[in-house]
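See structure below.
The values are calculated or read from the model by the stated rules, or taken from the named source; none is laboratory data. Since this is a predicted model, take the numbers as computed values, not measurements. No Cβ is skipped: glycine too gets one built from the backbone with ideal geometry, and neighbour counts run over all protein chains shown.
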Amino acid sequence: MIFQSRATPVGLCTALISSKWVRVGHSGVAQRHMSRRVSSPTAGPMGDHAGGASVSGPRGAHSPSGSVSLGVGVAGMGALAFGYHLGVINGPLEAIASDLGFGGNATLQGLVVSSLLAFAAVGSLGGSGLADRLGRRRAFLLDAAPLIIGPLISSLATSPAFMIAGRAITGAGIGLSSALVPVYISEVAPPSQRGALGTLNQVLICAGILAALVLNVLVPTRNWRALFWVGALPAVLLGAGMLFLAPETPSWLGLSGQHALADETAHRLWGPGGEALLEADMAGHAKSDGGPKDRAQWGEVVANRGALTGAALFFLQQFSGINAIVYFSSSVFERAGFHSGTLASAAVGTVNVLGSLLAASVIERVGRRHLLSWSWVGMGASMLLMAAGMRLPALAHLGPYVAVLGTLAYILSFSLGVGPVPALLVPEITPVNLRGKAMAMAMGTHWICNFAIGQAFLLAVNAFSVPVLYTFFGVVCLIGAQFARGIKSSTQLPEDLPGTS
């Protein structure tokens with residue numbers, strides 16, 4: 001989710017995401033035998049060893065081990081970078097334009113912002129095969145490169161072309177990161193903790209955006225180059241952490257034919273019974289030797305119901321009005337008497353973080369489908385309330401306050417379900433051999449829709465008016481709620497599995 005201190009094109013970027021264990025579209029159990037857990041020699045930093053963080057003795061499957069916490073924390077740096085780079089450009093954009101000689105040029109300013117979104121779509125789709133071919137850790141290592149190089153180019157830019165190039169390279173990095181983080185967390189976290197740990201993805205995205213907001217306030221605009229230097233730090237931690245500390249996921253090790261190491265890693269991460277949990281995750285995928293025949297083709301992905309469900313969820317997420325709410329948040333608060341754009345951003349950001357933390361605490365008890373469905377209901381009701389406040393004469397004197405209430409209610413509803421759950425579901429409702437490309441397709445849908453809405457939104461406002469658009473978004477939210485309720489009939493969610501709640 002994005003909180004901006006004023007309405008600029010970056011305010012049209014949105015939020016997302018998170019992750020638990022399920023499989024769909026197959027029956028029976030995996031045909032590979034359970035390999036005896038053996039001691040593997042420690043591989044080099046680029047090898048597929050379970051990771052540098054040792055686990056002293058087995059841990060219970062319901063309590064994440066040190067390696068799990070380390071892996072989730074390291075991968076979370078990708079989410080932190082994601083949020084930071086979405087939010088960092090808003091504050092210093094005018095100073096950047098002035099220093100680089102394109103002040104007053106709305107087209108070039110728009111390109112500085114939108115190049116990030118366009119290349120995020122390229123990064124998420126173009127890098128789709130990396131996680132499957134190279135492994136989740138190696139894909140993260142490659143992802144760290146554009147997330148370091150892009151901000152450094154932006155920080156050293158002497159012309160609009162260099163600034164746009166830096167933002168485009170950064171966009172490719174966050175696009176790839178947005179597809180990698182949910183899959184990695186889903187595969188490395190214990191089954192009983194995947195929902196809560198996966199929801200931390202969105203919390204860290206929001207934290208990155210809030211960090212950018214705070215630095216925009218604290219750092220003088222003339223020192224805007226320092227903001228991009230800071231933006232490279234999460235990627236440095238991501239690369240170093242994946243190189244030396246974080247484990248490879250058991251599911252990918254099994255998919256690549258390293259079955260003994262996969263079982264050992266599952267035992268280390270999830271404790272006694274970890275091998276059986278891995279067996280369930282690999283269910284329906286026959287014993288693999290890691291050859292090319294085991295890599296998913298795009299035809300399989302687009303024909304898979306779980307992958308299509310994930311893409312549809314992101315399509316509905318983007319067309320449910322989150323961009324409109326963010327875009328108008330500052331003006332909504334100003335009409336209600338709060339004249340600080342920073343206050344509006346802080347209020348939206350605080351509500352979003354609190355909602356995401358609440359979602360993390362209840363998702364295993366309430367279930368993904370119910371959180372997602374009721375989240376859309378709350379968003380739809382908030383949209384329709386705001387549309388009514390703008391249209392009905394009886395509410396005219398309360399209009400500004402209705403708008404503030406509706407905005408905060410919408411953000412809270414979004415953060416409880418529609419924000420985190422779609423990216424959480426995609427790895428859970430697709431088979432292990434399709435996850436990399438399925439997540440890439442889902443995030444590609446997200447970025448393409450985000451970019452398209454950003455380009456068309458103001459045109460739609462001028463053509464149809466804000467109340468009409470809010471009514472449209474409210475209807476889309478209600479369609480999303482119904483779609484979420486129907487997911488059970490096409491895919492199996494964790495709360496539908498025997499013995500889970």
When you check Thr430 against the structure, is it assigned by TED's automatic domain parsing to the domain that holds Asn323 and either without any contact (Cβ under 8 Å) to a residue 60 or more places away in the chain or not in a helix (DSSP H, G or I) (or both), yes or no? yes
From the set of residues in region 188-221 that are outside any helix (DSSP H, G or I) and of a type in the set (A, V, I, L, M, F, W, C), which is surrounded by the fewest Cβ atoms within 10 Å (Cβ to Cβ)? Val219
Those residues of region 242-258 that are surrounded by fewer than 23 Cβ atoms within 10 Å (Cβ to Cβ) and assigned to a helix (DSSP H, G or I) come to a total of 2
Would you check if there is a residue in region 263-276 being out of contact with any His (no Cβ under 7 Å at 6 or more places or on another chain), modelled with pLDDT of 75 or more and basic (Lys, Arg)? yes
Output yes when any residue across region 443-452 is part of a helix (DSSP H, G or I), surrounded by fewer than 24 Cβ atoms within 10 Å (Cβ to Cβ) and aliphatic (A, V, I, L, M), and no when none is. yes
Against the condition surrounded by fewer than 24 Cβ atoms within 10 Å (Cβ to Cβ) and in contact (Cβ under 8 Å) with a residue 12 or more places away in the chain, how does Ala179 come out, does it pass? no
Does at least one position in region 54-64 carry a residue that is polar (S, T, N, Q), within 25 Å of the chain's Cα centre (by Cα) and modelled with pLDDT under 85? yes
Against the condition in contact with a helix residue (DSSP H, G or I) (Cβ under 7 Å, 6 or more places away or on another chain), modelled with pLDDT of 90 or more, assigned to a helix (DSSP H, G or I) and farther than 25 Å from Gln455 by Cβ, how does Ala311 come out, does it pass? no
Considering region 335-384, residues that are part of a loop (DSSP other than H, G, I, E, B) and surrounded by 17 or more Cβ atoms within 10 Å (Cβ to Cβ), and then whichever is modelled with the highest pLDDT, we arrive at Gly367
Regarding region 184-199, can at least one residue be identified that is farther than 17 Å from Ala423 by Cα and among the small types (Gly, Ala, Ser)? yes
Single residue of Leu108, Leu117 found to be at pLDDT 90 or above and either of a type in the set (Ser, Thr, Tyr) or out of contact with any Gly (no Cβ under 9 Å at 6 or more places or on another chain) (or both): Leu108
I'd like to check something: does region 97-115 contain any residue that is under 24 Å from Leu237 (Cβ atoms) and in the same structural domain as Ala232 (by TED's automatic domain parsing)? no
Being modelled with pLDDT under 90 and of a type in the set (A, V, I, L, M) narrows it down to one of Ala240, Ala246, Ala286, so name that one. Ala286
